[in-house]
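S.K.: Mind looking over this structure? Questions follow.
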Amino acid sequence: MKQHIFTRRALLPVAISVALLAGCGPQQTSAPASTTAQTAAVASSESEKANNLFEQIFMDNVRRSPLLQTRLGIKDDYDKWQDLSDEHFQAGLALTRQHLTMLKGIDQSKLDQTTRVSYLLMQQELQQELDDAKWRLYSYPVNQMFGTHSQVPSLLINQHSISSESDAKAYIARLNAVPALFTQLQQQLQKRADAGIIAPKFVFPMVISASENVIKGAPFDSGDDSTLLADFRKKVTALDISDAAKKLLLDEASVALLTSVKPAYTGLIQYLQQLEQQAGTEDGVWRFKDGDAFYNNALKRTTTTDLTAEQIHQIGLDEVARIHNEMRAIMEKTGFDGDLKAFFNFMQTDPQFYYPETDEGKAEYLKDATAIIDNMRSRLDELFLVKPKAEMIVKAVEPFREKTAGKAFYQQPSMDGSRPGIYYANLYRMSDMPKYEMEALAYHEGIPGHHMQLAIAQELEDMPKFRRFGGYTAYIEGWGLYTEMLPKEIGLYQDPYSDFGRLAMELWRACRLVVDTGIHAKKWSREQAIQYLLDNTPNTPTAVEKAIERYIVMPSQATAYKIGMLKIVELREKAKTALGDKFDIRQFHDTVLKNGALPLDVLEQMVDEYIAKAKA
């Protein structure tokens, strides 16, 4: 799972006219050379004007977001948190209207092709932000997957670097600003509660527990350093300043933790305990006013298609049946005596497939995952023309959030390259991280998956920043799932159990189409969705329960993976059929990656253009 770094919307457009993209219109005869030169000059001028505007819009939004600045490695508002107020939100909408008006001042007919694509993507993004403002309250600002309560320690630890005394002071200022941030958070939670939008009851114990973990340890009690103090101490200790200056900073941080962070979290916990009493046990967003309309809109944004919930549900059922058949073939290859359900149970319970629940077991997992990625890195020339410059490392999810965080996720590098891409593996419970899934998981989150795609996009020099750092979930996660399959085509997954693991991961994503639409459109209960996964996948009961709880609080997000992968595979087959011997997998991948993330219909247009050029 990719954690989105930018765009006012991580889940974006539905459809862009192919005719507009291609600049189609009445066919014209060739223009005289002088006219062609004049046209090129105008195109360059108008395209330059458009790209300057894209840059302005991007930076206007960066300036509104201290968190985005930090993630990009910009330290302008390094001492601040995000403004969660209604006033800030309304000011953002006003700015969006202004941006849209400015964009309409650009003459599309005078843009070069790349800039025309950017124009249409930006236009659609701005319009959809305005259209989706009505759904603002249809979210859970705190849940077991993410939220302001966990964002505070996560951003400080993972992204707030300290390379100077002023950086340390900014860290302390952020600690002191947590009470104001949490006051705004509670106001937003209450607005949602007043509108009947409260997270399901199961969410609250996990959020409360995660919040309590932040205020455990020194200076809150007599134990070891708390998560935040340990992080601050480590970063300050590495500074080239006097010991006296370091002590002063540590003392100031300790005071901020005691007088600001602790009361803020204590107050939030008390509020959440009260809100929990109002929470219900129904899980799907259908239970909200206009919940069906909200979910249908979410599906469009997530998949960048017009597929309905019913269509997506059926695609899921069909894919589950297909993958089950492929799994039976591998089961027979291993010589297992029994049916697929028995094989699932064998894979769940046999100790040979799991690392020990020890520090040594966790260290071995990280070492082996790194080795898998290193081996894949050495094979990239067989599949790609361009490779990312940014480094990538493998890390375990930090203890403060491992209990509730997802199975694995990727964090992209900073804009300046000072922070590498990170593949996070959640090693809280080693029984949820079987060896046979390790290859597929490493390929998806690392190389050639998210790191390959996102780092390359970030490094595209001729692309406006809103596209380099933007995201379309179906494209991004579709690419990640596609790249789980890709290594098999160059001879990896030699172990049949590992190949079964690859299918198990794909099956998991196919089942998501069924259970996400089941929960949010067909009114399935949490228990019904859990049972479907238990019946149809080899995953453990704890992994299944955690997954269903994720889909409940992130409606539609889980549909992106399989819908995106199916489109990429479809486009590759389209290119192979059209080009025959001229098909080059490296050129196809270059076509998919060189424009950054795209809506799926726009990606298809790019592939069609590649086919036409390759044929010529």
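The values are calculated or read from the model by the stated rules, or taken from the named source; none is laboratory data. Values in this document were obtained by computation on a predicted structure and should not be read as measured data. We place every Cβ from the backbone using ideal geometry, glycine too, and count neighbours over all the protein chains shown.
S.K.: Of the residues that make up region 341-354, is at least one surrounded by fewer than 14 Cβ atoms within 10 Å (Cβ to Cβ) and over 21 Å from E437 (Cβ atoms)? Let's see the steps before the verdict.
M.R.: Of all residues in region 341-354, those surrounded by fewer than 14 Cβ atoms within 10 Å (Cβ to Cβ) come to 341-342, 345, 349-352.
Narrowing the set further to residues that are over 21 Å from E437 (Cβ atoms) leaves none.
No, region 341-354 has no match at all.
Here is a yes/no grid of residues against (1) surrounded by 18 or more Cβ atoms within 10 Å (Cβ to Cβ); (2) of a type outside the set (D, E); (3) over 26 Å from G284 (Cβ atoms):
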{"position": "Q528", "(1), (2), (3)": "no, yes, no"}
{"position": "T540", "(1), (2), (3)": "yes, yes, no"}
{"position": "A543", "(1), (2), (3)": "yes, yes, no"}
{"position": "P555", "(1), (2), (3)": "yes, yes, no"}
{"position": "I568", "(1), (2), (3)": "yes, yes, yes"}
{"position": "L571", "(1), (2), (3)": "yes, yes, yes"}
{"position": "T577", "(1), (2), (3)": "no, yes, yes"}
{"position": "D581", "(1), (2), (3)": "no, no, yes"}
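S.K.: So how many residues does region 397-416 have that are farther than 21 Å from E545 by Cα and of a type in the set (A, V, I, L, M)?
M.R.: Matching residues across region 397-416 total 1.
S.K.: In this structure, is H313 within 27 Å of the chain's Cα centre (by Cα) and in contact (Cβ under 8 Å) with a residue 12 or more places away in the chain?
M.R.: Here the answer is yes, as H313 does meet what is asked.
S.K.: Scan (1) at pLDDT below 95; (2) surrounded by 21 or more Cβ atoms within 10 Å (Cβ to Cβ); (3) out of contact with any Asp or Glu (no Cβ under 9 Å at 6 or more places or on another chain) for the single condition N536 breaks and write down its number.
M.R.: For N536, the failing item is (1).
S.K.: Let me spell it out: the conditions are (1) surrounded by fewer than 21 Cβ atoms within 10 Å (Cβ to Cβ); (2) farther than 15 Å from L383 by Cα; (3) hydrophobic (A, V, I, L, M, F, W, C), and I563 meets all of them except one. Which number is the exception?
M.R.: Tallying (1) surrounded by fewer than 21 Cβ atoms within 10 Å (Cβ to Cβ); (2) farther than 15 Å from L383 by Cα; (3) hydrophobic (A, V, I, L, M, F, W, C), I563 fails exactly one: (1).
S.K.: Mind checking whether some residue in region 86-93 is within 23 Å of the chain's Cα centre (by Cα), modelled with pLDDT of 55 or more, among the aromatic types (F, W, Y) and over 30 Å from I162 (Cβ atoms)? Reasoning before the result, please.
M.R.: As a first pass, look at region 86-93 and keep what is within 23 Å of the chain's Cα centre (by Cα): 89, 92.
This time we only want the ones that are modelled with pLDDT of 55 or more, so: 89, 92.
Going one step further and asking which of them are among the aromatic types (F, W, Y), we end up with 89.
This time we only want the ones that are over 30 Å from I162 (Cβ atoms), so: 89.
The answer is yes, given that some residue of region 86-93 is within 23 Å of the chain's Cα centre (by Cα), modelled with pLDDT of 55 or more, among the aromatic types (F, W, Y) and over 30 Å from I162 (Cβ atoms).
S.K.: Report yes if some residue within region 360-376 is exposed (fewer than 12 other Cβ atoms within 10 Å of the Cβ) and over 27 Å from the mean Cα position of the chain (by Cα); otherwise report no. Break it down into steps so the answer makes sense when it comes.
M.R.: Step one: of region 360-376, the residues exposed (fewer than 12 other Cβ atoms within 10 Å of the Cβ) are 360, 367.
Checking which are over 27 Å from the mean Cα position of the chain (by Cα) leaves us with 360.
Yes; the residues of region 360-376 include at least one that is exposed (fewer than 12 other Cβ atoms within 10 Å of the Cβ) and over 27 Å from the mean Cα position of the chain (by Cα).
S.K.: Just checking, does region 26-33 include any residue being outside any helix (DSSP H, G or I), surrounded by fewer than 17 Cβ atoms within 10 Å (Cβ to Cβ), modelled with pLDDT of 90 or more and not aliphatic (A, V, I, L, M)?
M.R.: No, every residue in region 26-33 fails to be outside any helix (DSSP H, G or I), surrounded by fewer than 17 Cβ atoms within 10 Å (Cβ to Cβ), modelled with pLDDT of 90 or more and not aliphatic (A, V, I, L, M).
S.K.: Still on this model: Residue check, Q587 against (1) part of a helix (DSSP H, G or I); (2) buried (at least 21 other Cβ atoms within 10 Å of the Cβ); (3) touching a residue at least 60 places away in the same chain (Cβ under 8 Å); (4) over 22 Å from the mean Cα position of the chain (by Cα), all met but one. Which one?
M.R.: Answer for Q587: the failing condition is (2).
S.K.: While we're looking at this one, here's another question. Return the pair list, or none, for Cβ contacts closer than 8 Å from residues in region 350-375 that are on the phi > 0 side of the Ramachandran plot to residues that are at pLDDT 95 or above and hydroxyl-bearing (S, T, Y), at least 6 apart or on different chains.
M.R.: The qualifying pairs do not exist here.
S.K.: Taking F294 as the residue in question, decide whether it is surrounded by 14 or more Cβ atoms within 10 Å (Cβ to Cβ), more than 15 Å from D516 (Cβ to Cβ), among the aromatic types (F, W, Y) and not assigned by TED's automatic domain parsing to the domain that holds I197. Show your work before the answer.
M.R.: Numbers: surrounded by 14 or more Cβ atoms within 10 Å (Cβ to Cβ): yes; more than 15 Å from D516 (Cβ to Cβ): no; among the aromatic types (F, W, Y): yes; not assigned by TED's automatic domain parsing to the domain that holds I197: yes.
So F294 fails the test.
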